[in-house]
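Structure first, commentary second.
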Amino acid sequence: MRFGIILFLFSFLLGLSLHAQNRIGTGKAKELYDIHCASCHGPNMEGGMSSSLINRQWQYGGTDEDLFRAIAKGFPDNGMEAYEGVLTPEEIRSLVIFIHEQTEIGEKEGLLKRLEPRSGVFSSEKHDFRLEKISEGTGILWGIDFLPDQSMLVTQRDGTLWHMNEGEKPISIQGVPEVWEYGQGGLMEVAIHPQYAENGWIYLGFTESIGVLDGGAEAGMTSIVRGRINDRNQWVDQEILFRAPKEFHWRGRVHVGTRIVFQDGYIFFSIGDRGKKDMAQDLNTPNGKIHRIHEDGRIPTDNPFVDRPGAFPTIWSYGHRNPQGLALDPRNGKLWETEHGPRGGDEINLIHPGKNYGWPVITYGMNYNGTPVTNLTRKTGMEQPALHWTPSIAVCGIEFYTGSAFPSWTNQLFVAGMASQELQRLVIEDENVVHYEIVMKNQGRIRDVTTGPDGTLYILLNSGSPRIGAVYRLIPAGPVTAAR
């Protein structure tokens with residue numbers, strides 16, 4: 001009994017410590033700033049003997065490269081010392097990220113006022129809208145998709161697959177595969193086959209454990225299956241489409257992915273690096289990759305590494321940290337992906353076959369405790385993100401809006417943010433993000449977003465403690481508004 005209490009207290013205190021390290025303004029980067037920068041720029045970057053760093057009025061440029069160069073080379077004529085040789089490149093990189101974090105805090109104060117709903121109406125650049133609750137789960141909701149009758153299948157991370165219909169009590173589908181709910185893992189993605197009306201196939205992405213490692217620790221990995229639901233709300237006809245061999249299962253709690261999209265008889269799905277970051281660069285492992293298989297699980301003969309000895313044959317792209325968003329641009333069929341960075345460096349990427357997206361060799365983020373991952377943000381042979389978020393928003397599901405309720409949003413990409421509790425709208429032209437807007441904030445952690453068959457936009461919100469997930473939709477609250 002006494003040992004159990006001690007173990008509980010140790011776990012509780014460890015959790016508090018980790019939570020504190022994850023907070024903006026903590027860790028090694030903060031210590032570096034206090035030692036080398038605060039005397040001139042102020043303890044809160046508000047300015048002192050030198051200018052403020054939180055108003056983005058930076059005399060020598062505000063890109064990551066500009067800030068890095070300014071710290072490394074200094075400006076001796078203006079009294080700023082050069083810090084290369086005093087700080088490592090990795091430490092300078094951490095300071096750059098820290099400056100972005102603190103700047104973001106100052107900018108958000110005005111943003112929050114604009115995003116507060118007035119009489120239940122949210123105002124954005126193009127449309128005003130209301131939030132309408134549709135249904136609710138009993139735990140953390142993860143993925144959503146619609147059946148032809150406009151009812152919904154919604155995954156709950158603890159392994160529950162809900163069948164939800166507006167105005168009716170949710171039904172739990174029986175007989176779904178047993179999931180390994182551990183840390184970030186569990187039942188995650190649900191995707192309805194485009195020809196569901198003809199074949200009835202439903203695809204699930206989840207973590208499962210198929211045994212223990214030497215030493216007795218249970219291990220798991222992301223798997224993909226498909227099955228059907230019969231008229232008694234039972235999961236039947238299951239087929240395993242992707243299951244990594246046991247040697248690739250890992251006991252870690254983090255970075256399992258996953259999303260699923262369909263295209264031309266194939267499915268794409270994502271798996272995170274599982275906390276083993278170097279594996280994202282290793283083509284012999286499934287970790288940190290986007291994968292492509294046929295809808296029935298066969299391996300395509302034209303996958304980019306299918307003929308390379310030792311390479312995992314399902315790999316489509318690699319160098320990913322934790323991809324939890326996948327979507328196809330309806331205008332051209334191009335595949336877009338979002339992935340979690342560490343502290344900073346969340347990314348959105350246009351995915352090309354065989355390309356290397358850099359993690360952990362290059363990143364715009366740093367470790368949660370403020371120490372550097374690397375000093376590199378670019379390297380020859382590695383792809384750049386179309387956009388990165390620093391600080392992190394904990395980016396998750398994405399959706400190109402194709403409904404009719406919000407015509408000025410057509411074909412624009414909506415991005416779910418969990419830690420930031422944001423829904424963002426991105427305008428993409430010629431493979432570039434040319435504009436983005438936060439359309440909603442502080443209503444709960446947004447895990448997924450999708451276009452509904454009624455033409456509105458649906459989101460999964462998880463809030464409270466313990467977190468309970470619910471399905472909401474955005475409905476128009478008036479005519480199209482002029483840009484504010």
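How many residues are farther than 23 Å from Arg157 by Cβ and out of contact with any Leu (no Cβ under 6 Å at 6 or more places or on another chain) if we restrict to segment 429-450?
Start the filter on segment 429-450 by keeping residues that are farther than 23 Å from Arg157 by Cβ, which leaves 429-439, 441.
Retained after the next criterion (residues that are out of contact with any Leu (no Cβ under 6 Å at 6 or more places or on another chain)): 429-430, 432, 434-435, 437-438.
Total satisfying the criteria: 7.
Any chance segment 190-212 includes a residue that's among the polar types (S, T, N, Q), part of a strand (DSSP E or B) and under 19 Å from Asp448 (Cβ atoms)?
Residues of segment 190-212 that are among the polar types (S, T, N, Q), as a first pass: 195, 199, 207, 209.
Checking which are part of a strand (DSSP E or B) leaves us with 207, 209.
Filter once more, keeping what is under 19 Å from Asp448 (Cβ atoms): 207.
Yes, segment 190-212 contains at least one residue that is among the polar types (S, T, N, Q), part of a strand (DSSP E or B) and under 19 Å from Asp448 (Cβ atoms).
Return the residues of segment 470-484 that are at pLDDT 95 or above and farther than 17 Å from Ser151 by Cβ; say none if nothing qualifies.
Pass one, segment 470-484, residues at pLDDT 95 or above: 470-477.
Result: Leu474, Ile475, Pro476, Ala477.
Can you report the number of residues in segment 253-264 which are surrounded by 18 or more Cβ atoms within 10 Å (Cβ to Cβ) and under 30 Å from Gly215 (Cβ atoms)?
Of the residues in that region, 4 qualify.
Being closer than 17 Å to Gly333 by Cα and either of a type in the set (Gly, Ala, Ser) or surrounded by 14 or more Cβ atoms within 10 Å (Cβ to Cβ) (or both) is the filter here; which residues of segment 428-449 pass it?
Kept after step one, since they are closer than 17 Å to Gly333 by Cα, are these residues of segment 428-449: 428-433.
Once the filter is applied, which keeps residues that are closer than 17 Å to Gly333 by Cα and either of a type in the set (Gly, Ala, Ser) or surrounded by 14 or more Cβ atoms within 10 Å (Cβ to Cβ) (or both), segment 428-449 yields Ile428, Val433.
What helices (runs of 4 or more DSSP H), lying completely within segment 11-86, carry at least 3 residues that are modelled with pLDDT of 75 or more and surrounded by 15 or more Cβ atoms within 10 Å (Cβ to Cβ)? Write out each step before concluding.
Details: elements: 28-36, 38-41, 64-73.
It comes to 28-36, 64-73.
Looking at segment 288-306 only, could you name the residues that are in a loop (DSSP other than H, G, I, E, B) and within 16 Å of the chain's Cα centre (by Cα)? Step through it out loud before you land on a result.
Residues of segment 288-306 that are in a loop (DSSP other than H, G, I, E, B), as a first pass: 288, 295-306.
Correct list: Gly288 only.
Look at Gly370 and say whether it is in contact with a helix residue (DSSP H, G or I) (Cβ under 6 Å, 6 or more places away or on another chain), crowded, with 17+ Cβ neighbours inside 10 Å and in a loop (DSSP other than H, G, I, E, B). Quick ask: steps written out before the conclusion?
Working: in contact with a helix residue (DSSP H, G or I) (Cβ under 6 Å, 6 or more places away or on another chain): yes; crowded, with 17+ Cβ neighbours inside 10 Å: yes; in a loop (DSSP other than H, G, I, E, B): yes.
When the stated conditions are applied, Gly370 passes them.
Just one of Ser404, Ser463 is free of Cβ contacts under 8 Å to residues at least 40 places away in the same chain and hydroxyl-bearing (Ser, Thr, Tyr); which is it?
Working: Ser404 fails: free of Cβ contacts under 8 Å to residues at least 40 places away in the same chain.
Testing whether each residue is free of Cβ contacts under 8 Å to residues at least 40 places away in the same chain and hydroxyl-bearing (Ser, Thr, Tyr) leaves just Ser463.
Can you find a residue that is part of a loop (DSSP other than H, G, I, E, B) and buried (at least 16 other Cβ atoms within 10 Å of the Cβ) anywhere in segment 218-232?
Start the filter on segment 218-232 by keeping residues that are part of a loop (DSSP other than H, G, I, E, B), which leaves 230-232.
If we keep only those that are buried (at least 16 other Cβ atoms within 10 Å of the Cβ) as well, we get none.
Scanning segment 218-232 turns up no residue that is part of a loop (DSSP other than H, G, I, E, B) and buried (at least 16 other Cβ atoms within 10 Å of the Cβ).
Within segment 346-367, restricting attention to residues that are among the hydrophobic types (A, V, I, L, M, F, W, C) and either at pLDDT below 95 or not in a loop (DSSP other than H, G, I, E, B) (or both), which residue is farthest from Ile99 (Cα to Cα)? Before the answer, list the steps.
Going through segment 346-367, the residues among the hydrophobic types (A, V, I, L, M, F, W, C) turn out to be 348, 350-351, 359, 361-362, 366.
Those still in the list that are either at pLDDT below 95 or not in a loop (DSSP other than H, G, I, E, B) (or both) too: 348, 350-351, 366.
Values: Ile348: 22, Leu350: 27, Ile351: 30, Met366: 12 Å.
Step by step, filter segment 346-367, then rank; the result is Ile351.
For the list (1) surrounded by fewer than 20 Cβ atoms within 10 Å (Cβ to Cβ); (2) not in a loop (DSSP other than H, G, I, E, B), I need the number of the one condition that Gln324 fails.
Just one mismatch for Gln324, condition (1).
If a residue must be loosely packed, with under 14 Cβ neighbours inside 10 Å and among the polar types (S, T, N, Q), how many such residues does segment 155-171 contain?
0
Report, by residue number, each residue of segment 137-190 that is among the aromatic types (Phe, Trp, Tyr) and touching a residue at least 60 places away in the same chain (Cβ under 8 Å). Walk me through how you get there before you give the answer.
Step one: filter segment 137-190 for residues among the aromatic types (Phe, Trp, Tyr), giving 142, 146, 162, 180, 182.
Trp142, Phe146, Tyr182, listed by residue number.
Can you pull out the residues in segment 301-321 that are polar (S, T, N, Q) and touching a His at 6+ places or on another chain (Cβ under 8 Å)?
Residues of segment 301-321 polar (S, T, N, Q): 301, 303, 314, 317.
Of everything in segment 301-321, those that are polar (S, T, N, Q) and touching a His at 6+ places or on another chain (Cβ under 8 Å) turn out to be Thr314, Ser317.
The values are calculated or read from the model by the stated rules, or taken from the named source; none is laboratory data. From a predicted model like this one, the values you see are computed outputs, not experimental measurements. Reconstructed Cβ throughout: ideal geometry from the backbone, glycine too, with neighbour counts over all protein chains shown.
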